[in-house]
Amino acid sequence: MYWLVGLMSLALIGLIVTGLLLELRPAYARHLQGWFKPAMGGQLVVFVGALLGLLWFGIDQVMAQTEAVTAVGSEISVGLGLAIIGAGIPTGLSTIGAGIAVGPIGAASLAAITEKPEILGRTLIYLGLAEGIAIYGLVISILLLNRI
């Protein structure tokens, strides 16, 4: 099982390194055109294959929680750990989305306020709507934590 995780990690690191290389040196992409697409396709196939293998071989360990965790010092099973991570993902992704939304809205609202100060209220409403995305994710995470 650990070899599948290692294979997935290696494929993911390869994709990240290749993306950073092409981002930092775009002229280098002309030299890579002959083998770039097959290499990226191969890494993607290895990653998806390892992910499916991990799901196929590891699903029994995730679902193998036989007793409920009741005592304070007892071990956390893999299933409970994955459930807690799954409950935290909506907060993380919605916070990233809110950050992406607030940046341009804040810059545009500052530019608009310098020209017309009387539209401050409208810009605050738009900014609040963008911040609401993060609050929705937090509410979903709280609801999921109550289910665990």
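The table that follows gives values for the structure above.
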| quantity | calculated |
| --- | --- |
| Sorted by Cβ density within 10 Å, fewest first, the residues Phe47, Phe57 | Phe57, Phe47 |
| Ranked Val102, Val45, criterion: other C-beta atoms within 10 Å, fewest first | Val45, Val102 |
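FYI, it's all coordinate maths here, none of it is from the lab. Just so it is clear, the structure is predicted and the values come from calculations on it, not from any experiment. Every residue, glycine among them, receives a Cβ derived from its backbone with ideal geometry; neighbour counts consider all protein chains shown.
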